[in-house]
Amino acid sequence: MSRDGNVYPLNAQESDNEIAIKPKKDLFTRGVFAFGAVFFLFCLYQLNIDYSNLLAGTVDFITMLGEMFPPDVSEWKYVIPAAIESLQVAILGTVIAVVISLVLAFLAAENLAPNNLVASIVKGFATLMRVIPTIIWALIFIVAVGLGPLPGVLAIAVHSLGMLIKVFAQSVEEMDDGKIEALRASGANWIQIIAQGVIPTVVTALLSWTILRLEIDIGESTILGLVGAGGIGWELTRAMRSYDFNAAFFIAMVIFVMIFSVEMLSNRLKLKV
Amino acid sequence: MNPILQVENLKKVYSDGTVALNNINFEVHPGEFIVVIGPSGAGKSTLLRCINRLVEPTSGDVVFKGKKINKIGARQVKQVRREIGMVFQNFNLIDRLSVVNNVLHGRLGYTGTIKGALGLFSKKDIAEAEEILERVGLSKQKYKRADELSGGQMQRVGISRALAQRPRLILADEPIASLDPASSKIIMDHIFTICKEDKITAIVNLHQVDVAMKYATRIIGIKSGEVIFDGQPSHLTKNIIDEIYSNAKQPLVNAQ
């Protein structure tokens with residue numbers, strides 16, 4: 001029964017006689033670049049920075065570094081618990097953000113959202129949370145719930161949520177739609193498709209985003225102390241304001257060791273994922 | 001015998017104006033092994049997806065076991081889908097899960113939301129999934145991750161997943177297009193013999209005419225969204241094949 005000959009004739013007649021159309025130049029992109037260049041020159045002129053300060057400042061900075069030495073470790077009893085508090089604030093905030101974003105990201109991903117309106121609403125909501133910096137969120141929450149670690153946790157959770165919804169949804173959107181289609185075709189419902197199909201497929205991406213976010217949040221939680229949202233940042237501000245540079249140096253070292261060790265740990269973890 | 005599936009005046013126009021299907025009519029009787037042939041872009045995939053409503057038809061009816069499934073709600077669609085297994089060109093397995101877990105996905109429609117989501121399938125379902133894997137010769141691979149398998153093995157898992165649904169109808173969308181000739185033969189043999197043994201009706205999209213001639217009890221030829229041949233393989237002449245595949249790359253009809 002099998003047939004000889006090519007059942008897929010090549011259509012030679014249609015390919016070569018089209019007129020080549022020169023692509024239009026993208027005026028928008030060019031305009032943005034031109035404006036950017038002009039605006040940069042304007043900034044240089046307008047800000048009128050006195051660059052001689054740079055030299056004097058460097059000398060002052062080196063002198064100050066000299067004064068900072070040796071670090072004053074006498075207040076470790078306050079500094080270490082404050083560092084741990086920063087770590088706790090970061091972990092708590094990140095975990096809250098991860099849990100909430102795991103629900104919202106699936107509503108924001110266009111290949112899973114019930115409809116496009118829901119996806120755009122959730123994405124808009126995520127953008128709003130993301131564009132407001134953590135430290136501004138902290139100031140807002142300090143007004144709402146008072147000083148201490150709580151506004152720090154909330155600020156980190158809200159800002160991280162904005163980013164995690166976006167990146168989680170993107171990871172889900174990059175997934176091969178055929179896999180989702182296959183589960184739909186078997187009669188599975190939305191929750192089953194996510195739990196049995198989507199999460200196993202994107203789990204490595206979710207984990208590496210989570211680890212990256214935790215790294216950023218540990219950095220941010222140290223800053224939050226500056227505005228009174230608890231942790232080691234508060235100790236650093238206090239030491240600097242009372243010109244206790246030796247104590248400040250010790251605190252800075254603790255922050256460095258903390259962030260650095262978290263980074264080492266997460267690099268090891270990323271290799272495993 | 002009543003037809004298991006009737007497709008009446010089926011039309012699908014995508015939102016960009018492409019007419020993928022136009023006035024499609026055919027009936028499928030239980031036990032038939034129908035092969036749909038046609039060039040890429042002819043509307044074969046859209047046709048299969050309109051049958052289990054992965055794609056919403058624009059107009060016309062799809063009647064499965066006497067029920068108009070283009071008129072029913074989302075919950076009922078899921079119930080109808082349970083009875084229609086689907087096999088895909090790209091297998092569409094969940095790579096990081098085990099082979100047996102992928103087969104058990106065929107049972108999700110019969111399992112509660114929470115149990116299904118957590119992967120807590122009944123002992124009976126698991127035993128049955130293992131039985132199916134034995135049938136397609138993959139019992140040794142059942143605990144392997146799906147992405148450790150070869151293409152032909154993956155497609156056998158895809159078939160097993162469809163079988164786990166205990167379907168009345170199997171839709172196979174280019175099941176051998178991503179496979180080498182040897183695996184292709186194994187896959188087509190499995191689909192054919194299993195459908196025969198289990199009295200499952202099948203609609204298979206293919207673009208290899210010789211493969212279609214070998215297995216089909218009936219061939220439907222589609223070109224630019226319209227049926228231009230529907231009959232026994234012996235009636236498919238060279239002229240008709242040439243007609244189906246001529247000007248294959250012409251754009252589809254535009255709505256405007």
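Where in the range A:147-262 are there helices (runs of 4 or more DSSP H), lying wholly inside it, with at least 3 residues that are closer than 30 Å to B:S98 by Cα and modelled with pLDDT of 90 or more? Break it down stepwise before answering.
Working: elements: A:149-174, A:177-185, A:190-193, A:199-224, A:232-241.
The qualifying helices (runs of 4 or more DSSP H) are A:149-174, A:177-185, A:190-193, A:199-224.
Yes or no: A:A144 more than 14 Å from the chain's Cα centre (by Cα) and either closer than 16 Å to A:I194 by Cα or surrounded by fewer than 17 Cβ atoms within 10 Å (Cβ to Cβ) (or both)?
Spelling it out, A:A144 is indeed more than 14 Å from the chain's Cα centre (by Cα) and either closer than 16 Å to A:I194 by Cα or surrounded by fewer than 17 Cβ atoms within 10 Å (Cβ to Cβ) (or both).
Return the residues of the range A:19-71 that are open to solvent by less than 100 Å² (accessible area, probe 1.4 Å), in contact (Cβ under 8 Å) with a residue 60 or more places away in the chain and outside any helix (DSSP H, G or I); say none if nothing qualifies.
Within the range A:19-71, A:P70, A:P71 qualify.
In the range B:100-134, how many residues are of a type outside the set (F, W, Y) and under 20 Å from the mean Cα position of the chain (by Cα)?
Matching residues across the range B:100-134 total 11.
Can you work out which of the residues in the range A:194-206 that are under 28 Å from B:G112 (Cβ atoms) and more than 8 Å from chain B (Cβ to nearest Cβ) is surrounded by the most Cβ atoms within 10 Å (Cβ to Cβ)?
So, considering only residues that are under 28 Å from B:G112 (Cβ atoms) and more than 8 Å from chain B (Cβ to nearest Cβ), the one surrounded by the most Cβ atoms within 10 Å (Cβ to Cβ) is A:V198.
Exactly one of these conditions fails for A:E110: (1) open to solvent by 40 Å² or more (accessible area, probe 1.4 Å); (2) under 30 Å from A:I232 (Cβ atoms). Give me its number.
Tallying (1) open to solvent by 40 Å² or more (accessible area, probe 1.4 Å); (2) under 30 Å from A:I232 (Cβ atoms), A:E110 fails exactly one: (2).
Look through the range B:111-127, keep the residues that are within 8 Å of chain A (Cβ to nearest Cβ) and in a loop (DSSP other than H, G, I, E, B), and return whichever of them is surrounded by the most Cβ atoms within 10 Å (Cβ to Cβ).
Top of the filtered list is B:T111.
Of these, B:T217, B:T237, B:T201, which one is among the polar types (S, T, N, Q) and more than 14 Å from every other protein chain (Cβ to nearest Cβ)?
Just one listed residue meets the conditions, B:T201.
Can we say B:L138 is surrounded by 15 or more Cβ atoms within 10 Å (Cβ to Cβ), under 20 Å from B:P175 (Cα atoms), more than 14 Å from chain A (Cβ to nearest Cβ) and of a type outside the set (G, A, S)?
Yes: the conditions hold for B:L138.
Counting only residues that are of a type in the set (D, E, K, R) and assigned to a helix (DSSP H, G or I), which one in the range A:106-145 is farthest from A:D177 (Cα to Cα)?
Applying the first criterion (of a type in the set (D, E, K, R)) to the range A:106-145 yields A:110, A:123, A:130.
Next cut, assigned to a helix (DSSP H, G or I) only: A:123, A:130.
Working: A:K123: 20, A:R130: 28 Å.
The qualifying residue farthest from A:D177 (Cα to Cα) is A:R130.
Out of A:V167, A:V153, I need the residue that is among the β-branched types (V, I, T) and in contact with a Lys or Arg (Cβ under 9 Å, 6 or more places away or on another chain). Which one?
The conditions single out A:V167.
From the list A:L164, A:L236, which residue is open to solvent by 10 Å² or more (accessible area, probe 1.4 Å), under 26 Å from A:I96 (Cβ atoms) and more than 8 Å from chain B (Cβ to nearest Cβ)?
Being open to solvent by 10 Å² or more (accessible area, probe 1.4 Å), under 26 Å from A:I96 (Cβ atoms) and more than 8 Å from chain B (Cβ to nearest Cβ) holds for just one of A:L164, A:L236, which is A:L236.
Does A:L92 meet the test of being at pLDDT below 90, part of a helix (DSSP H, G or I) and either in contact with a helix residue (DSSP H, G or I) (Cβ under 6 Å, 6 or more places away or on another chain) or surrounded by 10 or more Cβ atoms within 10 Å (Cβ to Cβ) (or both)? Step through it out loud before you land on a result.
Details: at pLDDT below 90: no; part of a helix (DSSP H, G or I): yes; either in contact with a helix residue (DSSP H, G or I) (Cβ under 6 Å, 6 or more places away or on another chain) or surrounded by 10 or more Cβ atoms within 10 Å (Cβ to Cβ) (or both): yes.
No; evaluated as a whole, the condition is false for this residue.
The values are calculated or read from the model by the stated rules, or taken from the named source; none is laboratory data. In this text the structure is predicted, and so the values were computed from the model without any measurement. Quick reminder, even Gly has a Cβ in these numbers, built from the backbone with ideal geometry, and neighbours come from all protein chains shown. What goes into the accessible areas is simple: the full protein's heavy atoms, side chains included, and nothing from ligands, DNA or RNA. Shrake-Rupley method; radii C 1.70, N 1.55, O 1.52, S 1.80 Å.
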